[in-house]
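Worksheet: the structure to be examined is printed underneath.
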Amino acid sequence: MESFKWKVAIKPNICVLKVAGLWPKKNETYKCDLYTVYSFIILNLFLHIPNIFQMANVYFVYKDLEAVAAIIFVIITEILASVKTCYFVSNMAQLKNIMASLEDKILWPKNSQQRKLIEPGVNFWKFTYRGFYFPVIFNLLMWAVYPIMDGSAHESKLPFSAWYPFSTKNSPSYEITYFYQIIGISVLAITNLNMDTFVAALMMYVGSQCEILCDSLKNCGRSGTKNYNTNLIECVNHHRKIISFAENCNKFFDKIVLGQFFTSAMVLGFSMFQLTLVAPLSSESFSLLFYSSAMTMEIFLYCWFGNEVEIKIIICLIKIGADDRQTEMENLLFHTLGVMERREDIKIAIRVMDPVTIIT
């Protein structure tokens with residue numbers, strides 16, 4: 001069996017998380033070293049502190065509904081992103097253990113056929129990862145140039161309303177603050193994007209493991225297959241390993257997914273309300289539309305990949321159940337897989353909610 005590195009498929013994702021201060025080297029967690037200091041500076045300087053200044057501004061405008069609506073939908077998203085980063089940092093040991101478990105040989109594809117079997121799922125994740133950048137980058141550009149396009153930059157208007165303990169009306173404090181806000185929101189958006197796609201990658205891994213197990217079980221009793229009992233025992237162990245991996249993944253991101261759905265629903269409501277207050281076809285309306293599209297796509301990300309796991313389990317059960325050449329022991333394992341599917345052991349679920357699914 002050739003070695004297989006699951007991390008290679010999501011290497012760009014991991015690299016961005018590393019630059020953002022959310023991925024200590026190798027299988028290590030945060031400790032007293034330079035990278036921890038770097039993470040502390042990056043996360044606080046560009047994520048948490050800008051959020052504090054924007055939240056402080058709500059105190060001064062809370063009596064004006066339109067003013068609150070104009071800033072609250074962005075602030076809610078930023079707060080969630082900050083919470084996500086804190087969650088990643090505090091649960092880094094659990095996350096690294098999940099990724100380390102993928103190095104177990106029992107989770108590797110056994111042959112070239114199984115490698116080809118998981119390629120569509122991996123390639124779709126890569127396509128989604130790259131595609132997710134377009135609405136995010138477009139929104140960042142719109143936020144960066146909006147004060148310039150509508151002429152409000154001449155009035156020293158910033159891209160985001162915020163309170164600062166100094167005046168931002170004069171140069172160069174205005175230019176510095178303007179640049180700081182753009183850098184901060186860019187770091188936050190790219191970091192948030194990569195945290196979401198990383199969770200989707202974990203779901204993709206679970207689905208790929210189901211496909212590998214299905215193929216191994218189908219070929220376990222084929223004529224010419226040697227060491228039948230050994231292969232069947234390996235399938236059972238693989239099945240148990242998948243259950244353990246899926247449960248650990250759920251424990252890691254169930255709160256993240258719940259928070260994302262709750263926050264996205266609120267943000268979509270506020271952004272739709274804000275659309276009724278701005279001029280149609282204005283730069284602000286386009287920015288709001290793309291922002292709403294990005295939030296919808298963020299929800300879709302979790303729904304799609306979570307639903308893919310459920311679909312792959314069902315497809316595996318159909319394929320195995322349709323094979324008349326299954327032995328009694330294989331049928332027993334097939335029955336176990338069926339019970340597993342009904343018990344929702346490896347469905348990707350939100351905490352205290354129904355499984356993430358788009359099947360009606």
From (1) within 26 Å of the chain's Cα centre (by Cα); (2) surrounded by 21 or more Cβ atoms within 10 Å (Cβ to Cβ); (3) not small (Gly, Ala, Ser), pick out the condition that doesn't hold for ILE190. (2)
Can you find a residue in segment 296-304 that is modelled with pLDDT of 80 or more, in a helix (DSSP H, G or I), touching a Ser or Thr at 6+ places or on another chain (Cβ under 7 Å) and of a type in the set (Asp, Glu)? yes
Taking helices (runs of 4 or more DSSP H) that fall entirely within segment 38-148, which contain at least 3 residues that are under 30 Å from SER244 (Cα atoms)? 65-90, 92-101
Conditions: (1) under 24 Å from the mean Cα position of the chain (by Cα); (2) free of Cβ contacts under 8 Å to residues at least 24 places away in the same chain. ASN170 meets all but one. Number of the miss? (1)
What residue, among those in segment 250-290 that are among the aromatic types (Phe, Trp, Tyr) and at pLDDT below 85, is nearest to MET203 (Cα to Cα)? PHE290
Starting from segment 14-32, take each residue that is at positive phi and list its partners that are assigned to a helix (DSSP H, G or I), counting only C-beta distances under 7 angstrom and pairs at least six apart or across chains. GLY21/TYR38; GLY21/SER39; GLY21/ILE42; GLY21/LEU43
Between a residue in segment 152-165 that is at positive phi and without any contact (Cβ under 8 Å) to a residue 60 or more places away in the chain and any residue that is assigned to a loop (DSSP other than H, G, I, E, B) and crowded, with 17+ Cβ neighbours inside 10 Å, which pairs come within a Cβ distance under 9 Å, given they are 6 or more apart or on different chains? SER156/THR168
Taking segment 154-185, which residues are in contact with a helix residue (DSSP H, G or I) (Cβ under 7 Å, 6 or more places away or on another chain), surrounded by fewer than 17 Cβ atoms within 10 Å (Cβ to Cβ) and assigned to a helix (DSSP H, G or I)? ILE183
Being farther than 26 Å from TYR30 by Cα, surrounded by fewer than 16 Cβ atoms within 10 Å (Cβ to Cβ), in contact (Cβ under 8 Å) with a residue 40 or more places away in the chain and more than 19 Å from the chain's Cα centre (by Cα), is that true of even one residue in segment 63-82? yes
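Got a number for residues in segment 20-35 being of a type outside the set (Gly, Ala, Ser) and surrounded by 15 or more Cβ atoms within 10 Å (Cβ to Cβ)?
Within segment 20-35, the subset of a type outside the set (Gly, Ala, Ser) is 22-35.
Going one step further and asking which of them are surrounded by 15 or more Cβ atoms within 10 Å (Cβ to Cβ), we end up with 22-24, 30, 35.
Of the residues in segment 20-35, 5 are of a type outside the set (Gly, Ala, Ser) and surrounded by 15 or more Cβ atoms within 10 Å (Cβ to Cβ).
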Look through PHE262, PHE253, PHE305 and report the one residue that is free of Cβ contacts under 8 Å to residues at least 60 places away in the same chain, closer than 30 Å to ILE72 by Cβ and buried (at least 22 other Cβ atoms within 10 Å of the Cβ). PHE253
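The values are calculated or read from the model by the stated rules, or taken from the named source; none is laboratory data. Everything numeric in this text was worked out from a predicted model, so none of it was measured. Glycine also receives a Cβ, built like all others from the backbone with ideal geometry; neighbour counts cover every protein chain displayed.
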